[in-house]
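Asker: Before anything else, here's the structure in question.
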Amino acid sequence: MSYLMRLPAWDAWLAARSAMPILIGLFLIALPVSIESAQPEPDLGTWRTAAPMPTKRTEVAAAAVDGKIYVVGGFEKPSLGNVMNFAITPSVEMYDPATDQWTSKAPLPVGLHHVGIGVVDRRLYIIGGYTQSAFSVWNPVATVYVYDPATDRWTERAPMPTARGALSVTEHEGRLYAIGGYDRKGNNAQVEVYDPLRNVWTTGASLPTPRDHLATATVAGRIYAIGGRMDGDYSRNLAVVERYDPATDRWRRVADLPTARSGMTAAVVEGRIYVFGGEGAAGTFNENEAYDPARDFWQRLTPMPTARHGLGSAVVQGRIYVISGGPTPGGSFSDMNEVFIRPGRNVKTD
């Protein structure tokens, strides 16, 4: 061997050359990880804050009529002014997303909480719920009140066959379906259908899983009953989702809600159901989970900024307004008005 080949530099070069395949292999293994980490984060939607409600409430109902959002009833934050009615409120407040302002409207004829709400022919219907009776705030009622925004007046209609609160109401083909609930003795499986045009009630096939504090929604001619709890106990939350076909009067089970919860709210935009908030034994939920009925598939989206239960929601121009509700389980109150902008929508201009 020559003197040149015994030099330290030469030995180092030979060692580096022999190690080259190993270094190349390590680089190739690491390369996919680097490429993957460079991918943009998935768009799961964004939130912004709108003008808060004038009052702090919980266990409200909300719906939109002609681009305005109406928040109805519930419990107000206790004060000297509402102690005699146990903080149950008949208050109705209207929010205009175009101006980001709130306006008080004609109150309900009686204070109610845990009601069902629906819209038919640009009128707002409040169905069932609980009201005060002596020293109890949990008296279930069967009343139906209709509000006309054009006249700012309430009128009473034919009562629901079964008195109950913590039910859910959804509209299909001009009829309102009152589903589930709790009459303070046990869960209701009733599906009672109101026809506003004739002012009459009929009965549909019973809910397979009786429950209360559930959410309902209608998509493509099918009605979905989502989550809820057993006998008013939020330590017994359910993830059950059942689908009803009004044409056949039949129910069937579909994919479960990813997070078992109750006291939440649901909204429908472009064929998808969005479910927000709720409460359980461990606290309140900030979950935002969307269901695609066409694929029978749930997706977790960007959580709500403020976890709440007993809240309401409404859709105006594709945006979902999630309003009021309690930040802790039981009697808690807020004036929150948080807006969800769905994935793929432009926050500034959409």
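Asker: How high is the FRET efficiency from Arg236 to Asn286, r the C-beta distance, R0 22 Å, rounded to 0.05?
Answerer: About 0.55, to the nearest 0.05.
Asker: Considering only protein heavy atoms and a probe of 1.4 Å, how much of the accessible area of the range 42-173 is carbon and sulfur, as a whole percent?
Answerer: That share works out to 53 percent.
Asker: Let me ask you something else. The range 184-223 to the range 119-161: how many Å between their Cα centroids?
Answerer: The range 184-223 and the range 119-161 have Cα centres separated by 16 Å.
Asker: Positive end of the dipole of the range 234-350, charges at C-beta (+1 Lys, Arg; -1 Asp, Glu), about the Cα centre: which of Pro293, Gly325, Ala307 has its Cα farthest in that direction?
Answerer: The residue sitting farthest along the positive end of the dipole is Pro293.
Asker: Another question about this same structure. Between Met84 and Asp152, how high is the FRET efficiency from 1/(1 + (r/R0)^6) when r is the Cβ-Cβ distance and R₀ = 22 Å? Nearest 0.05.
Answerer: With a Förster radius of 22 Å, E is 0.30.
Asker: May I pose another question? Give the shape of the range 202-350 as rounded, prolate or oblate, defined through the alpha-carbon gyration tensor: a ≥ b ≥ c are the square roots of its eigenvalues, a/c under 1.5 means rounded, and otherwise the shape is prolate if a/b is larger than b/c and oblate if not.
Answerer: oblate
Asker: If you put +1 on each Lys and Arg Cβ and -1 on each Asp and Glu Cβ, how big is the dipole of the range 203-350 around its Cα centre, in Debye rounded to 20?
Answerer: So the magnitude is around 300 debye.
Asker: Can I ask one more? Distance between Cα centroids, the range 266-282 to the range 84-114: provide it in whole Å.
Answerer: The distance from the Cα centre of the range 266-282 to that of the range 84-114 comes to 22 Å.
Asker: Okay, moving on. How high is the relative contact order of the chain? Use alpha-carbon pairs under 8 Å, at least six apart in sequence, and give a whole percent.
Answerer: 15
Asker: Moving on. Around Arg236, with a cut-off of 15 angstrom between Cβ atoms, what is the net charge of the other residues, counting Lys and Arg +1 and Asp and Glu -1?
Answerer: Result for the local shell: -1.
Asker: Give me the 1.4 Å probe accessible area per residue for the chain, excluding ligands and nucleic acids, in Å².
Answerer: 47
Asker: Something else now. So what's the back-of-envelope 222 nm ellipticity for the chain, counting only DSSP H runs of four-plus at -39500 (n - 2.57) apiece and dividing by all residues, rounded to 500?
Answerer: -3000 deg cm²/dmol
Asker: For all pairs of alpha-carbon atoms in the range 43-137, what percent lies in each bin of width 10 Å, listed from the first bin to the last filled one?
Answerer: Histogramming the range 43-137 at 10 Å steps yields 15, 45, 29, 10, 1, 0 percent.
Asker: Check each of the trypsin sites (Lys or Arg not before Pro) in the range 112-154 and keep only those in coil by DSSP with at most 16 other C-beta atoms within 10 angstrom; list them in order.
Answerer: Answer by residue number: Arg122.
Asker: A further question on this structure: Return the equivalent ellipsoid semi-axes of the range 60-210 as a descending list in whole Å, where each equals the square root of 5 times an eigenvalue of the C-alpha gyration tensor.
Answerer: Over the Cα atoms of the range 60-210, the semi-axes work out to 24, 21, 12 Å.
Asker: Continuing with this model, one more query. Using amide H atoms built 1.01 Å from N in the peptide plane, name the residues 5+ places from Arg236, or on other chains, whose amide H lies under 5 Å from its own.
Answerer: The list, which skips near neighbours in sequence, is Met230.
Asker: What dipole magnitude, in Debye to the nearest 20, does the chain give about its Cα centre under +1 on Lys/Arg Cβ and -1 on Asp/Glu Cβ?
Answerer: Details: 34 positive and 35 negative charges, 57 e Å.
For the chain, the charge dipole is close to 280 debye.
Asker: For a quick size check, give me the Cα extents of the chain along its three principal axes, largest first, whole Å.
Answerer: The principal-axis extents, from largest down, are 109, 46, 38 Å.
Asker: With all protein chains present and a 1.4 Å probe, how do Arg236, Arg164 order by accessible area, largest first?
Answerer: The ranking, largest first, comes out as Arg236, Arg164.
Asker: Heavy atoms only, 1.4 Å probe, whole protein assembly: order Thr89, Thr49 by accessible area, highest first.
Answerer: Accessible-area ranking of Thr89, Thr49, largest first: Thr49, Thr89.
Asker: Same structure again: Can you tell me the 0 to 90 degree angle between the C-alpha axis of helix 8-37 and the longest principal axis of the chain, rounded to 10?
Answerer: So the helix axis and the longest Cα principal axis differ by about 10 degrees.
The values are calculated or read from the model by the stated rules, or taken from the named source; none is laboratory data. Nothing here was measured: the structure is a model prediction, and the numbers come from that model. When we count neighbours, we look across all protein chains shown, and the Cβ atoms used for this are built from the backbone with ideal geometry, even at glycine. The area values use the complete protein model at the heavy-atom level, side chains included, leaving out ligands, DNA and RNA. Shrake-Rupley method; radii C 1.70, N 1.55, O 1.52, S 1.80 Å.
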